[in-house]
Amino acid sequence: MTGSDDFSFEINGDQLALQGALTLAHLDSLSNRLQTLSTVKVIDLSNLHRMDTAGAWLVHKLAQNNNAEVKGTNSAVAHILDQISHYDRPLAPEPKHVSPLIYTLTGVGKNTVHVWYTIVGLVNFFGALLVSIWHTICHPSRLRLTAIICQMETVGVNALAIVGLMSILVGVVIAQQGAVQLRQFGAEIYSINLVGRLSFRELGVLMTAIMVAGRSGSAFAAQIGSMNLAEEIDAMRIIGVSPMESLVLPRFLASIIMMPLLGFYATIAAVIGGGLLCWTVLDIPPTTFFTRLREVIPYTDVAVGLVKAPIFGALIAIAGCFQGTQVKGNAEQLGYCTTKAVVHSIFLVIVLDAFFAVFFSEIGWV
Amino acid sequence: MSDSDIIQIRGLKNSFGSQVVHDGVDLDVKRGEILGLVGGSGTGKSVLLRSIIGLQQPVAGSIKVLGHEMIGKDPLTMRMVSRHWGVLFQESALFSTLNITENVKVPLREYYPELGDSLLDQIAGYKIAMTDLPEDVGIKFNSELSGGMRKRAGLARALALDPDLLFLDEPTSGLDPVSADAIDALILGLRKMLGLTVFMITHDLDSLYNICDRVAVLADKKVLAVDTVENLTKLDHPWIKRYFNGPRGRAAAESFEARKTGA
């Protein structure tokens with residue numbers, strides 16, 4: 001900074017003399033002293049050679065509050081001081097303060113209404129999807145096979161590595177935790193039952209559903225949402241292409257087809273993971289492991305897993321695509337709806353899984 | 001570098017992979033002028049702007065802003081220089097989680113944390129007033145504003161630090177002619193009041209005629225010419241001819257002449 005950018009001021013009775021350059025950088029030295037400056041009646045700017053708008057604002061406010069006279073203005077400083085006074089107007093009022101209780105209650109109320117609208121919207125969406133399925137059944141040539149195959153690849157094939165790795169680890173964890181507990185009864189051999197039955201009935205499909213919801217449910221919402229933002233969906237409607245048939249149905253069918261396959265694959269991976277742990281830690285050879293698996297796992301366990309899988313797939317696709325269509329306005333909404341798609345689909349999957357657990361027990365598939 | 005040049009670009013080269021965008025760009029911006037930058041789509045107008053303000057690392061060349069070399073600068077120099085400029089991005093780039101007053105206060109708070117909150121509120125208030133926005137805009141958020149208001153609010157934030165140098169990326173694009181004229185008048189008014197230097201990218205031929213002192217033409221990876229619009233129209237380059245002598249160019253020229261004789 002050069003010397004000409006210095007700023008100082010002197011108070012002489014009711015006179016305030018400013019010298020140098022009054023800019024943002026020096027504003028605090030004056031603004032912090034405003035209390036002591038309340039007696040100033042004359043502001044002398046004759047030695048002030050530069051002033052920015054912030055400085056001019058401060059001088060303007062000071063002169064206005066004290067009813068002070070401003071003198072010694074050279075042309076550059078005078079112009080800016082004159083201009084700035086045109087922009088003096090009351091500040092926008094702060095929004096009214098709301099008490100925390102009212103705020104919480106309004107929040108709960110709004111969310112309840114919102115949940116209701118989401119449920120209605122989901123049901124609506126499902127209805128529209130059924131209608132478009134019916135149309136496609138009536139005109140099978142309208143089925144977009146390429147799109148379905150493409151979605152099957154992204155939903156299923158591309159998920160093989162991550163789902164497999166995750167399931168092997170799940171199998172290892174079940175076997176290991178089971179062995180630790182069962183060892184107390186000398187019944188380590190029962191960890192095979194634990195791994196096998198849990199994987200087939202519950203965890204294989206459930207963990208896959210959660211992974212698919214995170215991978216594909218979010219992708220559905222993001223893809224359809226960004227197309228919505230770019231008015232691509234509107235363009236489709238205008239051209240006469242049904243977004244339901246071209247976007248939602250392929251994703252829906254691909255999820256329904258791939259979920260059982262992925263779920264079964266994950267189950268086998270989990271069993272292999274459990275088997276590996278039994279072999280290495282519990283010294284149960286693979287032959288014993290698989291012989292025992294065949295003895296303890298009824299075919300109904302396989303059926304339980306495979307019945308649930310396509311329904312979970314349908315749920316994930318519906319929740320994801322529905323949230324995609326809800327995106328309006330800006331990119332922030334896109335992120336918000338994508339998150340909601342994942343949260344809703346995982347929540348719905350777990351709720352339905354609990355229902356199925358009870359249901360299958362009741363019909364005797366224990 | 002002469003004292004009157006606030007930006008000096010020499011031999012600038014920008015490339016993305018094998019695609020060369022600029023090769024040997026030379027450009028001077030004089031203190032106190034409004035310089036318009038024009039060029040066809042994809043000629044790298046925004047890339048040039050981003051190079052000057054340090055968001056894009058050029059491959060070769062030199063860019064001096066306020067006498068400081070911007071290529072390979074250290075963060076401290078960058079901070080010192082960026083205190084003296086304001087940038088209005090194409091989509092305004094207002095922070096969506098802050099209201100407009102808070103948006104304007106962000107640069108002030110960053111560079112002058114010692115200033116009190118009520119003073120910052122007042123400063124933000126008159127900056128918003130300077131850009132001809134109604135006072136209740138201050139408590140609104142970006143998503144609640146129209147396109148023209150966003151441009152103005154973005155301009156208010158760009159002016160927060162009383163900059164010497166203002167960068168505008170298509171300030172009138174996407175606006176109706178009335179709002180665009182108002183933005184043009186606003187830029188002229190601010191230049192007169194604050195002695196700003198303005199570097200603006202624009203496709204708006206009316207803006208070029210009405211407020212730009214000089215216009216730089218970016219084509220063939222270089223700055224082909226920098227001159228007043230009147231002189232540019234006389235140049236014998238196919239793209240420049242088509243740009244200024246097409247139906248839109250002639251309409252803008254006629255309305256400019258009409259305004260001049262009317263005034």
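The values are calculated or read from the model by the stated rules, or taken from the named source; none is laboratory data. Just so it is clear, the model here is predicted, and its values are computed rather than measured. Note that each Cβ is placed from the backbone with ideal geometry, even for glycine, and that neighbours are counted across all protein chains shown. With ligands, DNA and RNA removed, areas are computed over all heavy atoms of the protein, side chains included. Shrake-Rupley method; radii C 1.70, N 1.55, O 1.52, S 1.80 Å.
What to note about this one:
- Spatially close lysines, pair count over segment B:180-263: Cα under 30 Å, gap of eight or more or interchain: 8
- In chain A, the inverse of the mean reciprocal separation of distinct Cα atoms equals 26.7 Å; this is its Kirkwood hydrodynamic radius.
- Applying both filters, DSSP loop and at most 15 other Cβ atoms within 10 Å, to the trypsin sites (Lys or Arg not before Pro) of segment A:1-74 gives A:Arg33, A:Lys41.
- Pairwise centroid distance, computed over Cα atoms, of segment A:242-318 with segment B:2-29, Å: 60 Å
- Evaluated over segment A:149-223, the Cα radius of gyration and Dmax, each in Å: 15.9, 53
- Residue-averaged 222 nm ellipticity for the protein assembly as shown, from DSSP H runs of 4+ at -39500 (n - 2.57), nearest 500: -18000 deg cm²/dmol
- Whether segment B:91-144 is rounded, prolate or oblate, judged on the alpha carbon gyration tensor where a/c under 1.5 counts as rounded: oblate
- Size of charge dipole - segment A:110-362 - debye, nearest 20, with Cβ of Lys, Arg +1 and Asp, Glu -1, no other charges: 120 debye
- Reciprocal mean inverse distance between Cα atoms of the protein assembly as shown - Kirkwood radius, Å: 30.4 Å
- Its Cα centre serving as origin, chain B has a Cβ charge dipole (Lys and Arg +1, Asp and Glu -1) of approximately 540 debye.
- Segment A:272-346: C-alpha gyration tensor shape, a/c 1.5 cut-off, then a/b vs b/c: oblate
- Test item: B:153-163 mean partner chain Cβ contacts at 10 Å: 2
- Cα centroid separation - segment A:113-159 against segment B:175-253, whole Å: 51 Å
- Relative pair counts by distance (%), Cα atoms of segment B:40-97, 10 Å bins: 20, 48, 28, 4
- Stokes-Einstein diffusion coefficient of segment B:104-263, Kirkwood radius over Cα pairs, 4 °C, 1.567 mPa s, in µm²/s: 74 µm²/s
- Within a Gaussian network of chain B (alpha carbon springs, distance under 10 Å), most fluctuating of B:Leu188, B:Leu76, B:Leu37: B:Leu76
- Each of A:Ser167, A:Tyr117, A:Tyr336 was scored by the projection of its Cα onto the charge dipole of chain A, and the greatest displacement toward the positive side belongs to A:Ser167; charges sit on the C-beta of Lys, Arg, Asp and Glu.
- Among A:Thr53, A:Thr118, A:Thr291, the largest mean-square fluctuation in a Gaussian network model of chain A (Cα springs under 10 Å) belongs to A:Thr53.
- Karplus 3J(HN,Hα) series, Hz, for segment B:226-242 with 6.51 cos²θ - 1.76 cosθ + 1.60 (x for Gly, Pro): 10, 6, 6, 4, 4, 6, 4, 5, 8, 5, 9, 10, x, 5, 4, 4, 5
- Residue mean of other protein chain beta carbons inside 10 Å, B:110-122: 4
- Among B:Pro58, B:Pro247, B:Pro163, the residue with the largest mean-square fluctuation in a Gaussian network model of chain B, with springs joining Cα atoms closer than 10 Å, is B:Pro247.
- Assuming charge only on the beta carbon of Lys and Arg (+1) and of Asp and Glu (-1), the dipole of the protein assembly as shown about its Cα centre is about 1480 debye to the nearest 20.
- Occluded residues from segment A:47-78, i.e. those whose accessible area drops by 30 Å² or more once the chain is not alone (1.4 Å probe): A:Thr53, A:Trp57
- Dipole of segment A:110-362, positive end: most advanced residue of A:Ile256, A:Tyr190, A:Gly178 [Cβ charges, Cα centre]: A:Ile256
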